[in-house]
1. Could you list, in sequence order, the residues of the stretch 373-414 that are open to solvent by less than 30 Å² (accessible area, probe 1.4 Å) and not hydrophobic (A, V, I, L, M, F, W, C)?
2. What tally of residues in the stretch 41-55 results from selecting those that are in contact with a helix residue (DSSP H, G or I) (Cβ under 8 Å, 6 or more places away or on another chain), assigned to a helix (DSSP H, G or I) and surrounded by 14 or more Cβ atoms within 10 Å (Cβ to Cβ)?
3. Is it the case that PRO359 is surrounded by fewer than 19 Cβ atoms within 10 Å (Cβ to Cβ) and either touching a strand residue (DSSP E or B) at 6+ places or on another chain (Cβ under 6 Å) or within 29 Å of SER158 (Cα to Cα) (or both)?
4. Go through the stretch 94-103 and give me each residue that's open to solvent by less than 30 Å² (accessible area, probe 1.4 Å) and not aromatic (Phe, Trp, Tyr).
5. Open to solvent by less than 20 Å² (accessible area, probe 1.4 Å) and touching a helix residue (DSSP H, G or I) at 6+ places or on another chain (Cβ under 7 Å): which single residue out of LEU117, LEU151 fits that description?
6. So which pairs qualify, if the first residue must be in the stretch 312-339 and more than 26 Å from PRO152 (Cβ to Cβ), the second must be outside any helix (DSSP H, G or I) and of a type in the set (Ser, Thr, Tyr), the Cβ gap must be under 8 Å, and the two must be at least 6 apart or on different chains?
7. Looking at the stretch 58-91, which of its residues are β-branched (Val, Ile, Thr), open to solvent by less than 50 Å² (accessible area, probe 1.4 Å) and over 21 Å from the mean Cα position of the chain (by Cα)?
8. Does any residue of the stretch 27-37 turn out to be modelled with pLDDT of 95 or more and either within 28 Å of GLU127 (Cβ to Cβ) or touching a Ser or Thr at 6+ places or on another chain (Cβ under 7 Å) (or both)?
Amino acid sequence: MNRRSIGRIAVIGTTALLAAGALAGCSAGDSQDGGDVELTLWHNASTGPGKEFWEQTVADFEADNPGVTVDIQAIQNEDLDGKLQTALNAGDAPDVFLQRGGGKMAAMVEAGQLKDLTDGITGAAAEEIPDAAYSANTLDGKVYAMPIAVLPGGLFYSQDLFDEAGITENPTTVDELDDAVAKLKETGVAPIALGAKDAWPAAHWYYWFALRECSPDTLAKAADERDFSDECWVRAGEDLQDFADTEPFNQGFLTTSAQQGAGSSAGLLANHEAAMELMGAWNPGVIASLTPDQQPLPDLAWFPFPEVEGGDGEPGSMMGGVDGYSCSVDAPDACVDFLNYIGTADVQQAYYEAFNAPPVNTVAQEAVTEPYLQQILEAYNAAPYASQWLDTVYGQNVGNALNVAVVDMLAGSGSPEQIIEAVDAAAAKE
């Protein structure tokens, strides 16, 4: 698999919200030979406005395409990858499903499980979504997923809690982050929320330290060859271990989930019980679903992951994902029509409003008004290097081994060196 940086999305200036209009795109009825068509859709928005978005989007699509019905299954995010892999391997895959890209997508392509969308993308999806957005879901020149949102990571925080702690400037280095943690502790609030029960949120801390410690060439070599011999990989683990030793995380972080309920890491930030959380750009929508009034957190703000002094990474490098949706290889033509439909500006704007996450359609991006989302897009566009989430890059087996090894270290039963041993062992089995 060739490494691919995530495509950058143009930052669009804030304008008035788009007026409601007819949705562009193909009609599913045009591509069928007659008779009714049923699609199955798997997504990971199991509650709140996100779930409502998919229900409304499907209802509108069905209304515009008589004879086509879409059976929706909302699956908890942490369960989706495993269930999807099982279904794919059993030859019983859903027609439409969330695609995370990277090594996970490459494995599906190699197994012949995905429909090639290259010649099927038409209308607004072709004209208003930049080619760069498709690059995260492209392999050997062929497109295998419709991008729907760009989701870079960073630290989301409560401006009110920062103000109460006397933090007047956002941390730009790890030393400054340590200082902010100390000030927040004095106020009695948990400085950083972490849902390590789900493994990947804890591993994100390691990913970011690796992005700061390792050069782009080293990251590329790891993606292409599963080579983790450079000492930067151990240094990243040491950085995280040193940071964790300052006890910056919420009490009981090892048994805290990431996104489920008020006691999750997102819920702690949503209810001002913690000041920060390292997460991707889907986080504002999750947080909004967990506030007392289930509305966006008014004082939510964001800053990029701090720099590490002496690291080999390019300063300002960013990490994140481009969420997309794929069709299974045997899905009917209506599946491609549905993907074109969700790439239109009106659907993309509705996605942004439901998930509070940056859309990829450039017309829909005109509706983005939140300063923190604009800052995320600006930082992403200015980044000299961008990587997908490392567990996505390395695929399910190596990615899972990495995530678990990071949690083991944070739990006191592992070390930076053992993280690399676990990853090497998983890679050797592929």
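1. TYR380, TYR385, SER387, GLN388, ASP391, THR392, TYR394, GLY395, GLY399, ASN403, GLY414
2. 4
3. no
4. Residues satisfying the conditions are PRO94, ASP95, VAL96, LEU98, GLN99, GLY101, GLY102, GLY103.
5. From the options LEU117, LEU151, the qualifying one is LEU117.
6. CYS335/SER328; ASP337/SER27
7. Listed by number, the residues that qualify are VAL58, VAL68, VAL70.
8. yes
The values are calculated or read from the model by the stated rules, or taken from the named source; none is laboratory data. Bear in mind the structure is a predicted one, so any value in this text is a computation, not a measurement. All Cβ positions, glycine included, derive from the backbone under ideal geometry; neighbour counts span all protein chains shown. In case anyone asks, the SASA skips ligands and DNA or RNA and just uses the protein heavy atoms, side chains included. Shrake-Rupley method; radii C 1.70, N 1.55, O 1.52, S 1.80 Å.
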